[in-house]
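Trainee: Quick one: structure below, then a few questions.
Every read-out reported here was derived from the displayed coordinates using simple, explicitly stated rules and does not represent laboratory data. Only a predicted model underlies this, so the values are computations on that prediction, with no experimental measurement involved. Here the Cβ positions follow ideal geometry from the backbone for every residue, glycine too, while neighbour counts run over all protein chains shown.
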Amino acid sequence: METYTSIPEELKLTVLERIQPTEPEREKLLAIQKELASQVKLAAEKLGVPGVLVKMVGSAARGTWLSGTHDIDVFISFPEETSRKELETLGMAVAKEVAKHAEHAEDRHAEHPYLNIIYKGFDVDLVPCFRVASASHIKSAVDRTPFHNDFVKPRIKGHEDEVLLLKQFMRGGGVYGSELKTQGFSGYLTELLVISYGSFKNTIYAACSWKPGEKIDIMQHGEIDHEEPLVVIDPTDPRRNVAAALSLDKFCMFIDHCREFLKSPELSFFFPASLLPLEDSEILEKLESRKSTQLAVVFKTPDVVEDVLFPQLYKMEQAVAALLKEYDFTVIKTGVWSGNTETAVMMELISGTLPNVKKHIGPPVWVKVHAEKFKEKYQAEDGVFGGYIENGKYVFEIRRKYPTAKGLLEDRLRSCSLGKQVHQSINESFEIIEDAGICRLKDPDFRVFLRKWI
């Protein structure tokens, strides 16, 4: 059994000094929350929209936010009997009235529309929702969020620092964030882990022994089947797994991060060193060292939010890998990167070039009907190098249709299963970049991605 080191208190204090919000930060946040609540009420009155109530939710409302993160979630609630159409129309009207005081505003969509604004330096989501009696009676997915607030706030009191430590530790391990791009741990999930295990330390120790199928049911709601690697039953809604967005890889990355940390607890597990963008010379050196083939499908980044874009990119990643394997190319790994203007789906292959000849094995000679059809077909084809019998089967050496991966993708990429916006962008134009050609992509963020990639 692995023996782990205890976590030094001075290490935790050092981390907390860097991540606890300062008193001026707290005061400013509280003032902005009050301003926004007042503006929502005034907007509803001005527009003649009755029954609107305002609730601050999320980590900013629960005291579990990290210093330097200026995110506020403002929920604009409407009576339960409000229709969905009225919620969307009136809710967005109120939100847009508030946005007149903001520096920037952007329409966004989850299950229904909401508004993201930048207000006095704070990133604010103005979210219309239904004011339902309980989380089991929600009419839209966001309706349960106020109940999360009500559950967490009294139970997390006095343990806020434990949540901050866990959040920063997850950030350091690259597993924090439940967005579809990251597929990691949400803020609410980290709070529930601290409530369940009691502290940051206990959570880390427990996670070292996790296996896929790990289940946490704080309120003992009972057995409901979920297939995700980590199952944390929502205390406010027994049908929901709070950890549903967590991928198997991020689940395992967290386990590994915990184990390595407990072997040698250091500040770098919370604050890893920043990676520098790869220089052209470093890229060429790494390509020469690996002796593999690097391919990048590069296209214009679709104008959609990340939660819409990244599922499509992951779908494309899988489709491209399947296409390459179908035509005998051996894929080492795949990955995706997306910047403001360009997006790249990356593939590393053992080789991007195959012989012109391909061995095509047919049925056994004694399976007369099928064997003779096979033989007649390939004897009549152009570009057949030769035919013979091997191990009792007809074999023909035929000309390979796509001897290069680049040629295959240039010809067949548009026929792959792609999401709507990615497909539109690919249809407009795309470029296949190979090996040293990757140096064309100068975006510093891509070069950091590349450092981790190769």
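Trainee: Among the listed pairs Lys41/Lys300; Lys167/Lys215; Lys96/Lys300, which are separated by more than 32 Å between their Cα atoms?
Mentor: On the way: Lys41/Lys300 41 Å; Lys167/Lys215 20 Å; Lys96/Lys300 30 Å.
The answer is Lys41/Lys300.
Trainee: Rounded to the nearest 0.05, what FRET efficiency do His370 and Asn391 have when you use their Cβ-Cβ distance and R0 = 22 Å?
Mentor: On the way: r = 16 Å, r/R0 = 0.74.
The calculated FRET efficiency here is 0.85.
Trainee: Compute the distance in nm between two label points, each set 7 Å from the Cα along the Cα-to-Cβ direction, one at His104 and one at Arg414.
Mentor: 3.4 nm
Trainee: Once a ≥ b ≥ c are taken as the square roots of the eigenvalues of the Cα gyration tensor of the range 131-176, is the result rounded (a/c under 1.5), prolate (a/b larger than b/c) or oblate (a/b not larger than b/c)?
Mentor: Values: a/c = 5.47, a/b = 1.81, b/c = 3.02.
Oblate.
Trainee: Okay, next question. In debye to the nearest 20, how big a dipole does the chain give about its Cα centre with +1 on each Lys and Arg Cβ and -1 on each Asp and Glu Cβ? Display every interim value, and only then the final one.
Mentor: On the way: 58 positive and 68 negative charges, 178 e Å.
Here the chain has a charge dipole of around 860 debye.
Trainee: Under the rule a/c < 1.5 gives rounded, and otherwise a/b versus b/c splits prolate from oblate, where does the range 357-399 land using the Cα gyration tensor? Please report the intermediate quantities before stating the final value.
Mentor: Numbers: a/c = 2.74, a/b = 1.46, b/c = 1.88.
Oblate shape, in that a/c is at least 1.5 and b/c is the bigger or equal ratio.
Trainee: Of Val142, Ser415, Tyr388, whose Cα points farthest to the positive end of the dipole of the chain (charges on the beta-carbon: +1 Lys, Arg; -1 Asp, Glu; origin at the Cα centre)?
Mentor: Result: Tyr388, furthest along the dipole toward the positive end.
Trainee: Something else now. Could the peptides 48-58, 184-194 be put in order, highest first, of the mean number of other beta-carbon atoms found within 10 Å of their residues?
Mentor: Values: 48-58: 16.6, 184-194: 24.9.
Going from most to least packed, we get 184-194, 48-58.
Trainee: Go through Lys12/Lys55; Lys359/Lys406; Lys46/Lys85; Lys333/Lys359 and tell me which ones have a Cα-Cα distance over 27 Å in this structure. Intermediate results must be reported in sequence, preceding the final value.
Mentor: Details: Lys12/Lys55 32 Å; Lys359/Lys406 21 Å; Lys46/Lys85 20 Å; Lys333/Lys359 25 Å.
Those over the limit are Lys12/Lys55.
Trainee: Sticking with this one: How high is the FRET efficiency from Ile218 to Glu306, r the C-beta distance, R0 25 Å, rounded to 0.05? Display every interim value, and only then the final one.
Mentor: Values: r = 30 Å, r/R0 = 1.21.
Efficiency for this residue pair is about 0.25.
Trainee: Under a point spin-label approximation (7 Å from Cα along Cα-to-Cβ), what is the Asp445-Ser247 distance to one decimal in nm?
Mentor: 1.7 nm
Trainee: Still on this model: Do any chymotrypsin sites (Phe, Trp or Tyr not before Pro) in the range 357-428 lie in a loop, going by DSSP, with at most 10 other beta-carbon atoms within 10 Å of their beta carbon, and if so which? Kindly include the intermediate steps, with their values, before the conclusion.
Mentor: Numbers: sites: Trp366, Phe374, Tyr378, Phe385, Tyr388, Tyr394, Phe396; in loops: Trp366.
Loop-located and lightly packed - Trp366.
Trainee: Taking a virtual spin label 7 Å from the Cα of Glu288 along the C-beta vector, which residues in the range 430-450 bring their backbone nitrogen under 14 Å of it?
Mentor: 436
Trainee: How far apart, in nanometres, would the label points at Ser136 and Glu27 be if each is projected 7 angstrom from Cα along the Cα-to-Cβ direction?
Mentor: 4.6 nm
Trainee: Say the cut-off is 31 Å between C-alpha atoms; which of Lys250/Lys420; Lys181/Lys358; Lys420/Lys442 go over it?
Mentor: Numbers: Lys250/Lys420 27 Å; Lys181/Lys358 39 Å; Lys420/Lys442 27 Å.
Long pairs (Cα-Cα over 31 Å): Lys181/Lys358.
Trainee: Sticking with this structure for a sec: Grab every C-alpha pair in the range 294-367, bin the distances at 10 angstrom width from 0 up to the longest one, and report whole percents.
Mentor: Using 10 Å bins, I get a P(r) of 16, 39, 23, 12, 7, 2, 0 for the range 294-367.
Trainee: Name the residue farthest towards the positive end of the dipole of the chain from the options Thr293, Val74, Gln220, assuming +1 on Cβ of Lys and Arg, -1 on Cβ of Asp and Glu, about the Cα centre.
Mentor: Thr293
Trainee: Binning at 20 Å from 0, report for the chain what percent of all alpha-carbon pair distances ends up in each bin.
Mentor: 19, 45, 27, 8, 0
Trainee: Further, regarding this structure: Grab the other residues whose beta carbon is less than 12 angstrom from that of Asp328, score K and R as +1, D and E as -1, and report the net. Provide the component values of the computation, followed by the final result.
Mentor: Details: positive: Lys325, Lys358, Lys359, Arg400, Lys401; negative: Glu326.
In short, +4.
Trainee: For Glu111 and Glu80, calculate 0.36 nm times their separation in residues minus their Cα-Cα distance, and state this gained length in nm to one decimal.
Mentor: Net length gain for the segment: 9.5 nm.
Trainee: Separate question: Give, as ranges by residue number, the residues of the range 406-422 whose backbone N falls under 17 Å from the point 7 Å along Cα→Cβ of Ser351.
Mentor: The answer is 406-408.
Trainee: Something else now. How large is the Kirkwood hydrodynamic radius of the range 16-134, counting all unique pairs of alpha carbons, in Å? List each step's numbers first, then the result.
Mentor: Details: mean 1/r = 0.0678 Å⁻¹.
Here the Kirkwood hydrodynamic radius works out to 14.7 Å.
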